[in-house]
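Accompanying notes for the structure given below.
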Amino acid sequence: PQKKDKNKKLRVFKLLKIGYDLRSKFLHGSRVDFSDFEKRLKKYGSRTDYNIMFDFPQELNSVVSDVLNKILSKKELFEMFGSTKNEAEILRYFDEMVI
């Protein structure tokens, strides 16, 4: 079960990273090679028929909503993200979630 949990966390991390990369391309006015993004998504997913146009927005929205709900509904996370504490603590928290 622990390996499965770690694989799921890694998949979520990769999904968010790909989403961030795609967002950056849009915001910086760069050309977007959707086939490259689709290949990256298929590599980390369990489906070979993954479609960036239909599947990715729904999955990304679900993951981001889950993360925000977790942060906003747990007092210790809410305080950590809302405090003036060192940014390194937040980065360490995300690292530990994936490792």
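The values are calculated or read from the model by the stated rules, or taken from the named source; none is laboratory data. As the structure is a prediction and not an experimental result, all values here were calculated from the model. FYI the Cβ positions are ideal-geometry reconstructions off the backbone, even for glycines, and counts take in every protein chain you see. Areas reflect the complete protein model, heavy atoms only, side chains present, ligands, DNA and RNA absent. Shrake-Rupley method; radii C 1.70, N 1.55, O 1.52, S 1.80 Å.
Flag: LEU22 matches the condition of being within 24 Å of ILE90 (Cα to Cα) and either among the charged types (D, E, K, R) or surrounded by 12 or more Cβ atoms within 10 Å (Cβ to Cβ) (or both).
Note on the stretch 43-86: residues that are of a type in the set (Lys, Arg) and modelled with pLDDT under 80 total 2. Quick check, is TYR20 out of contact with any Asp or Glu (no Cβ under 8 Å at 6 or more places or on another chain), among the aromatic types (Phe, Trp, Tyr) and under 24 Å from LYS4 (Cβ atoms)? No: the conditions fail for TYR20. Given the criteria under 20 Å from VAL12 (Cα atoms) and open to solvent by 100 Å² or more (accessible area, probe 1.4 Å), does PHE54 qualify? So PHE54 fits the description; yes.
The number of residues in the stretch 57-78 that are over 30 Å from ASP36 (Cα atoms), among the hydrophobic types (A, V, I, L, M, F, W, C) and open to solvent by 90 Å² or more (accessible area, probe 1.4 Å) comes to 2. Against the condition among the basic types (Lys, Arg) and at pLDDT 90 or above, how does ARG40 come out, does it pass? Answer is no for this residue.
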